[in-house]
Amino acid sequence: MTRGKPQLLFVHGIGGLRDTATDRREWLEALVAGARDAGMADAISGLTMGWLADVTFANYSDLFNRRGAQGDTAGELEEDEVPFLAGLLDAMLEELAEQFPAESSPQDARVISDARYQLDAAAQGRQSQGAGEGFRGLVGVTTTMLRLPGLRHAAQWMNGRAILFQLAQVGRYLDRRAKKAELGMAVRARVLEGLDPSRPLVVVSHSLGTVVAYEVLHEYGGEVPVWITVGSPLALGAVVLDRLVPRPASCPANVASWRNFWDRDDVVVGRPHLGNWIGPSKSGVKAVTERVDSSGLWTHTATKYLEHGAVARPVIEALTS
């Protein structure tokens with residue numbers, strides 16, 4: 001049986017270089033706002049003063065940005081990354097088409113249709129002219145996608161090239177071939193660093209961080225009272241789901257509760273398939289998905305999710321139980 005002070009672990013998603021202290025503070029402040037929204041203000045001092053848990057922000061961003069760039073220009077894409085990115089964009093456009101149907105969002109639906117046309121053209125260009133042409137075509141696709149309201153107002157993505165290079169981090173993490181698999185191993189080692197399996201671990205993971213956390217928790221030997229996933233791409237079919245280890249995908253055995261949250265206006269992650277596409281653990285635990293609605297045009301940030309009482313409540317409950 002685990003005992004002692006709980007641990008709270010934050011696992012981030014794609015992006016440029018991060019400052020561990022700054023991100024830890026911002027995620028914690030958002031969780032405090034969520035606790036207030038949940039009517040759990042009595043837990044706020046415990047969070048801010050560190051009485052409730054030892055809080056860790058697992059920062060592995062430097063492993064993707066070793067050349068000192070800020071995420072959008074860190075090196076060049078390799079030829080074998082183009083097919084993965086094309087598949088990821090295809091899955092994203094499929095999800096976006098569900099979010100912006102022509103009958104209710106005709107202008108946005110036209111943008112998605114234009115991006116789909118460009119994606120098909122990029123695939124043809126790669127076949128006839130090589131990966132360089134395919135990459136330029138994908139930049140065109142992401143540039144077109146920036147016309148959608150949510151993406152257009154995302155400060156982290158100022159141009160189509162920036163989107164593409166940051167989305168490439170997903171493929172780089174999931175690449176299992178020879179030396180390329182070393183990156184994923186290094187990321188998981190960074191997340192596991194300093195954790196104490198003898199104490200309860202509450203995990204909050206976002207975006208690519210949910211993919212990392214899935215594999216980390218299958219390796220981790222300690223008790224996890226609750227695992228929170230927000231803005232998760234885990235259910236993006238063959239692009240992500242079929243590349244997870246272990247397969248077939250299932251809830252980690254040490255997770256007592258898995259809560260997955262998604263925002264209807266999150267243009268990166270669409271329909272909530274996790275509960276249907278990822279199997280339960282041997283004890284029957286599986287993802288329980290709940291929708292939240294954030295204000296503003298850009299909802300795919302961890303802090304937006306954490307500010308919701310519905311997201312903060314299971315975290316606080318696990319830390320205080």
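What follows is calculated from the coordinates using simple rules that are stated; it is not laboratory data. Since we're looking at a predicted model, the values are computed, not measured. For neighbour counting, all protein chains shown are included, and Cβ atoms are generated from backbone atoms with ideal geometry for every residue, glycine included.
Given springs between every Cα pair under 10 Å in a Gaussian network model of the chain, which of Glu193, Glu219, Glu95 has the largest fluctuation? Between Glu193, Glu219, Glu95, it is Glu193 that shows the largest mean-square fluctuation.
Under 1.5 on a/c is rounded, so check that first for the chain, then, if it is not, pick prolate when a/b is larger than b/c and oblate when it is not; a ≥ b ≥ c are the square roots of the alpha carbon gyration tensor eigenvalues. It is prolate, given that a/c is not under 1.5 and a/b is the larger ratio.
Rank Leu119, Ser61, Val245 by how far each Cα sits towards the positive end of the charge dipole of the chain (+1 on Lys, Arg Cβ; -1 on Asp, Glu Cβ) and give me just the farthest. Checking the options against the dipole of the chain, the answer is Val245. On C-alpha positions alone, give me the angle between the axis of helix 131-145 and the longest principal axis of the chain, in degrees, nearest 10. Here the helix axis deviates by roughly 70 degrees.
Farthest toward the positive end of the dipole of the chain, out of Gly137, Val315, Pro83, is the Cα of Val315, where the dipole comes from beta carbon charges about the Cα centre. Relative to the longest principal axis of the chain, what angle (0 to 90°, nearest 10) does the C-alpha long axis of helix 181-192 take? The helix 181-192 is inclined about 30 degrees to the chain. The long axis of helix 208-219 is offset from the longest Cα principal axis of the chain by roughly 50 degrees.
Packing, as the average of other Cβ atoms within 10 Å across residues, places the peptides 111-121, 54-64 in the order 54-64, 111-121, highest first.
Highest mean first, the peptides 279-290, 23-34 sorted by other C-beta atoms within 10 Å per residue fall in the order 23-34, 279-290. Annotation: peptides 229-235, 185-191, ranked by per-residue average of other Cβ atoms within 10 Å with the highest first, follow the order 229-235, 185-191.
Of interest is the spacing of the C-alpha centroids, which for the stretch 40-59 and the stretch 219-249 amounts to 25 Å. Our helix-only sum for the chain, with -39,500 (n - 2.57) per DSSP H run of n ≥ 4 divided by its residues, gives a mean residue ellipticity at 222 nm of -14500 deg cm²/dmol. In this structure, the amide hydrogen of Val55, modeled 1.01 Å from its nitrogen in the peptide plane, lies closer than 5 angstrom to those of Leu8, counting only residues at least 5 positions away or on a different chain.
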